[in-house]
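Trainee: Have a look at the structure that comes next, please.
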Amino acid sequence: MASITLSGLTKTFGTFTAVKSLDLHIADKEFLALLGPSGCGKSTTMNIIAGMEQPSAGTVRFDDRDMLNVPMGRRGVGFVFQNYAIFTHMSVYDNIAYGLRMRGLPKAEIDARVRQVAELLGLTPFLKQKSAGLSVNILQRLAIGRSAAVNPQIFLLDEPLSNVDAAFRAVMRTELKHLQREFGQTMIYVTHDQLEAMTMADRIAVMDRGVLQQVGSPIEVYNNPVNTFVARFLGSPSMNLLPARLGTEDGRPVVEVTGLGRVAAPASARGSADVLFGIRPEDLTITATDLPGAFVMEVVFVERVGPRTIVHLARDGQELKAIEGNGFPVAIGDRLGVVAKPESVRLFDAATGQALDKEPADG
């Protein structure tokens, strides 16, 4: 298989910079998600890796091989697009077999490979059927199977599940991860869906406006966002961010949250006095209003979402969301106390949005 190293990768279209000075190493057999909003540069990065676009600057290496002048067909890359591009006049079997036949493999080997992939993706009952008329869900399985069948060194998937229904996406998240482990491929998955990235990837690379913001395991990026963009982009609901000031009390760092009260700050907090106080909704506990250290706030909205109750609270223009269980007794207008777990508090520079204990992203 192959590792991938991107060094100083830049892509411009006229005056627009789609990708800026991107440095990223993807290990052999790793499942990496490129995550970010539309227009952040993730698909452009994937297209450069595939050979569909040439970089304006920088290099792409597979293991130790420079891929600058290597055409897409010789890179050993499998590609699955959002629009699955199936040969609808062919049967499911012939679609999966197409790339194998182009490589001149023996008939028996083609048959064995087609049936192996079909079994992995639940396509065996459809092998004799023409692709035209099959559901979108089955067609997307087929697109993945056709690329997987040729056993590429590197598997690139560009938002392959965005056109399918929610139940099928949940199934395919599990199947794609299983497929990657089965074949041992290096896999890069482009998505704007944080749930897809969090559940499937070994690591997540978060991008915004062409700049790589943060790379790490899903739990690392979620728990320790490098800046307010990452903090807001990951999480549903996203991290609460409130204006505050960082100071000290008895030699220990404390943070005064504007209009709400004072709480202990992380011991590692340093830098600007004007900060944003960050806390995930699940790291807030709703309690009695007279509990020392609690923020006293009013309930302004309640969302009952399956196993969770999302409680929206406000006071003097400040707003927080907290998560409780689905049976939590609460109503609009209630006055409640809210306590933040000290170890879960994150502080960001109010001017730059940078986490106070993190190095800034380039650009």
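Trainee: Every residue in the range 1-38 that is crowded, with 18+ Cβ neighbours inside 10 Å, part of a strand (DSSP E or B) and either among the charged types (D, E, K, R) or in contact with a Cys (Cβ under 7 Å, 6 or more places away or on another chain) (or both), please.
Mentor: If the condition is that a residue be crowded, with 18+ Cβ neighbours inside 10 Å, part of a strand (DSSP E or B) and either among the charged types (D, E, K, R) or in contact with a Cys (Cβ under 7 Å, 6 or more places away or on another chain) (or both), then LYS11, LYS20 are the ones that fit.
Trainee: Let me ask you something else. Could you please find all residues in the range 199-247 being among the aliphatic types (A, V, I, L, M), in contact with a strand residue (DSSP E or B) (Cβ under 7 Å, 6 or more places away or on another chain) and within 29 Å of ALA148 (Cβ to Cβ)?
Mentor: MET200, ALA201, ILE204, ALA205, VAL206, MET207, LEU212, VAL215, VAL221
Trainee: Within the range 222-265, which residues are surrounded by fewer than 21 Cβ atoms within 10 Å (Cβ to Cβ) and small (Gly, Ala, Ser)?
Mentor: Of everything in the range 222-265, those that are surrounded by fewer than 21 Cβ atoms within 10 Å (Cβ to Cβ) and small (Gly, Ala, Ser) turn out to be GLY235, SER236, SER238, GLY247, GLY251, GLY259, GLY261, ALA264.
Trainee: In the range 214-241, what count of residues is obtained for those that are in contact (Cβ under 8 Å) with a residue 24 or more places away in the chain and within 12 Å of the chain's Cα centre (by Cα)?
Mentor: 7
Trainee: Which residues, taken from the range 53-86, are hydrophobic (A, V, I, L, M, F, W, C), touching a residue at least 24 places away in the same chain (Cβ under 8 Å) and surrounded by 14 or more Cβ atoms within 10 Å (Cβ to Cβ)?
Mentor: Once the filter is applied, which keeps residues that are hydrophobic (A, V, I, L, M, F, W, C), touching a residue at least 24 places away in the same chain (Cβ under 8 Å) and surrounded by 14 or more Cβ atoms within 10 Å (Cβ to Cβ), the range 53-86 yields VAL60, PHE62, VAL77, PHE79, VAL80, PHE81, ILE86.
Trainee: How do the strands (runs of 3 or more DSSP E) wholly within the range 288-363 filter down when requiring 3 or more residues that are loosely packed, with under 13 Cβ neighbours inside 10 Å and either β-branched (Val, Ile, Thr) or at pLDDT 90 or above (or both): which remain?
Mentor: 295-305
Trainee: From ARG141, ARG101, grab the single residue that is assigned to a helix (DSSP H, G or I), more than 26 Å from ASP28 (Cα to Cα), assigned by TED's automatic domain parsing to the domain that holds LYS29 and of a type outside the set (Val, Ile, Thr).
Mentor: It is ARG101.
Trainee: I'm told ILE188 meets every condition in (1) touching a helix residue (DSSP H, G or I) at 6+ places or on another chain (Cβ under 7 Å); (2) in a helix (DSSP H, G or I); (3) touching a residue at least 24 places away in the same chain (Cβ under 8 Å); (4) not hydroxyl-bearing (Ser, Thr, Tyr) except one. Can you identify the failing condition by its number?
Mentor: It is condition (2) that ILE188 fails.
Trainee: Filter the range 105-126 for residues that are at pLDDT 90 or above and assigned to a loop (DSSP other than H, G, I, E, B) and give the result.
Mentor: Hits for the range 105-126 are LEU105, PRO106, LEU123.
The values are calculated or read from the model by the stated rules, or taken from the named source; none is laboratory data. If you're wondering where the values come from, they're calculated on a predicted model, not measured in any experiment. Glycine gets a Cβ as well: all are built from the backbone with ideal geometry, and neighbour counts include every protein chain shown.
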